[in-house]
Amino acid sequence: MTKPSKRIRAKTVNDPTSNRNLCYCVACFVLVLLLAGCAKTEQNRMIFYGGDIVTMSNTPSMVVEAVFVENGRIVSLGSKEEIFKHKTDATQIIDLQGNTLLPGFVGVHTHPDLAAYLYGYVDLSGFTYKTQDEVWARLRQAVKETKKGQWIFCRGFDPMLVSGLTAPDIKYLDSIAPDNPVFILAQSMHSAWANSLAFKKMGITGKTPDPAPGNYYEKDSRGELTGLIVETKAIMTVAADAIKVFNIKDNVSKVSDDYLGNGITSITTMGLANSKAFILYEHLSTHHPKFKHNVLDMIGMLPDRKPTVRHFVYLMHTTPSLFPAKVENGDDFFKVCGVKLWYDGSPYTGSMYMKEPYLNSALVTKGLKIPVNHSGKPVIDKQEFYDAVKKYHELGWQVSVHSQGDQSTEEVLGVFEQIQSESSVKNLRHRIEHGMLLPPELLGKMKRLNITPSFHINHLYYYGSALKNDILGAQRTAKMLPVKSTGKNGMYFSLHADAPMYPEEPLSLLQTAVTRKTREGEIIGLQEAIPVMDGLKALTLYAAWQLNMDKKIGSIEPGKYADLIILDKNPLKVAPDSLRDIRVMKTFVNGTEVWTRQKAEEEHKGSK
Ligand SMILES: [Zn+2]
């Protein structure tokens, strides 16, 4: 920057009526912002060596002893001798010390926005509490600690993981919390419960119409609210006040660090519909921060930018205004990929849409309050679904559809088939999400339509036994989550945890896909087990393919971004039952160290 001439400075200082002072300040301010935006692009050179390097490359492997990285990109791989030829005084040498280097995991379906909201919720989950007495004691304690009239938001309510726990009714919740509005979200996030004050606060009565098909506030035979709230749109109406109560700005950084600490270098938000969250995440991840967002950051309305996860987004069709003008949007750090639609719901609320009904077990009819001989139905009007798929397909966006049940997936594929036969737009990478009862006989059709699944594999780990014994029966569970069949059919597939539904732990997903074992050690559908390498690819390269990012991330290959993780053990060399115990030691995004176990543990100790 050249110095302003003395003449101009003298004039502006001496002339208080001039608006040049202001112009000068604004110019400096803009320059500071521009420099802040450029600060991250400084040169860096790194060499990784000294441990196993699992490249995940699809091309036949050569010996890889070391990796050379420059300015956030992988430049070359090879023997230690070859790679160390790149070494200069400025090169950072990273000795793996016997640990293993892999590409970062690609989180292909998660909900950081929900996770950030839920950070402040009271935890009632089966990951923390074992008995129903413990769960209700925790709620009573929360009531004691909360001022009268203030909201109490709870999460993780789970009659399946907590033995003996049954869904509460409105009277029971009123008896525990007569003076506070209470909202309790199920672990599945597809149902919730609220007390009378909560409904009153949100203006919902027995006469309030259901917000969408399959989304409702349950009423008894007299038309009175029972306290049960079913499916996303109904839940969002009641939980709307949580957005005002919790400051998600403070929680988003914690949530991002949790992803990095699990080795996840890219995340994908499924079904974002909130413009504030959109701006916040765009500002955090993009490489090209917008001027107005930098201003909001400087006045404390957005969190400070620091290197973090890449972030891909699928928006809801109900918020078309959030879509960028063009499919080519954003950058490799923050981008909208397409639209997310729901065709059915959750296996645990009765909203999974199936050919055969749920079992009429005590868990189904009493615990989960699912009607006898119920087989679910679509959670969206069929015409609305067709119109939305057609609109976004024609515009060239990826379409990702939540579909758990066999009947659901059959109908969804029918819609895609019809639309693709009517359209000249081809080869978009559309997706089916979760696929619990994805019928293997439909995989051929999926392949023809270029639709690939992302499997919600830890349903098997956490709820496999309940699904087998109480919800679906042995026959259906033996065929559920057909991961191996998908690969055999020559298709890509990915695995996801759907956090905050299940903890966002890729190595836990890997162990379940490889062993097909439940938390209790029962094996379900062993013929669908996959080798460790296939599971690792599902968590990296194949996931990147589903995001149209396979040329840029997902493996350690020259030209790709240096999104790398160091694990304390090589997943290809440990017993399958201990994959879940492998620890992430360090995480790098774009060649920048963004998380280390040592630092995180020190901070954790410090905060105690
Ligand atoms: Zn989800």
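Derivation of every value follows stated rules applied to the coordinates shown; laboratory data play no part. Computed from a predicted model, the values in this text were never measured in an experiment. Positions of Cβ are generated from backbone atoms using ideal geometry, with glycine treated the same way; all protein chains shown enter the neighbour counts.
Below are the figures for this structure:
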| item | result |
| --- | --- |
| Cα-based shape type of region 449-550, given that a ≥ b ≥ c are square roots of the gyration tensor eigenvalues and the cut on a/c is 1.5 | prolate |
| Relative contact order (percent, whole number), region 121-245, Cα cutoff 8 Å, 6+ residue spacing | 21 |
| Spatial separation of Cα centroids for region 342-365 and region 416-465, in angstrom | 19 |
| Anisotropy class of the chain from Cα gyration tensor, a/c 1.5 cut | oblate |
| Nearby lysines by direct alpha-carbon distance to K517 (threshold 23 angstrom, same-chain neighbours under 8 apart not counted) | K130, K468, K479, K484, K488, K537, K569, K573 |
| Residues T237 and I176, FRET efficiency given R0 of 30 Å [Cβ-Cβ distance, rounded to 0.05] | 0.85 |
| Contact order relative to length of the chain, as percent, for alpha carbon pairs under 8 angstrom and 6 or more apart | 16 |
| Extreme residue, positive dipole direction of region 254-598, given options F333, F416, A497 (C-beta unit charges) | F333 |
| Charged-residue dipole, Cβ positions (Lys, Arg, Asp, Glu), region 121-245 about Cα centre, Debye nearest 20 | 360 |
| Solution diffusion estimate, µm²/s, Stokes-Einstein, region 100-194, Kirkwood Rh from C-alpha pairs, 4 °C, viscosity 1.567 mPa s | 89 |
| K290 paired with E601, simple spin-label distance in nm, labels 7 Å along Cα-to-beta-carbon | 4.2 |
| Ranked E410, E417, E602, criterion: other C-beta atoms within 10 Å, fewest first | E602, E417, E410 |
| Among F84, S221, L101 the positive-end extreme of the charge dipole of the chain (Cβ point charges) | F84 |
| Rounded to 5, percent antiparallel among DSSP beta bridges of the chain | 45 |
| Karplus-derived HN-Hα couplings along region 200-206 (A = 6.51, B = -1.76, C = 1.60, θ = phi - 60°), whole Hz, x at Gly and Pro | 4, 4, 8, x, 9, 10, x |
| Prolate/oblate/rounded label for region 254-598 (Cα gyration tensor, a/c 1.5) | oblate |
| Taking region 182-254 and dividing mean pair separation by its residue count, relative contact order in percent (alpha carbons under 8 Å, at least six apart) | 29 |
| Alpha-carbon centroids, region 255-317 and region 525-579: separation in whole Å | 24 |
| At R0 = 22 Å, FRET efficiency that the Cβ-Cβ distance of T88 and M62 yields, to 0.05 | 0.35 |
| Estimated 222 nm signal from helices in the chain, with DSSP H stretches of n ≥ 4 weighted -39500 (n - 2.57), rounded to 500 | -10000 deg cm²/dmol |
| Given charges at Cβ of Lys, Arg, Asp, Glu: region 461-570 dipole, positive-most of A538, Y463, L567 | A538 |
| Rotationally averaged projected area of region 121-245 (alpha carbon convex hull; nm²) | 7.3 |
| Exposure proxy order (Cβ contacts within 10 Å, fewest to most) of T349, T587, T512 | T349, T587, T512 |
| Dipole magnitude (debye, nearest 20) for the chain, charges at Cβ of Lys, Arg, Asp, Glu | 1480 |
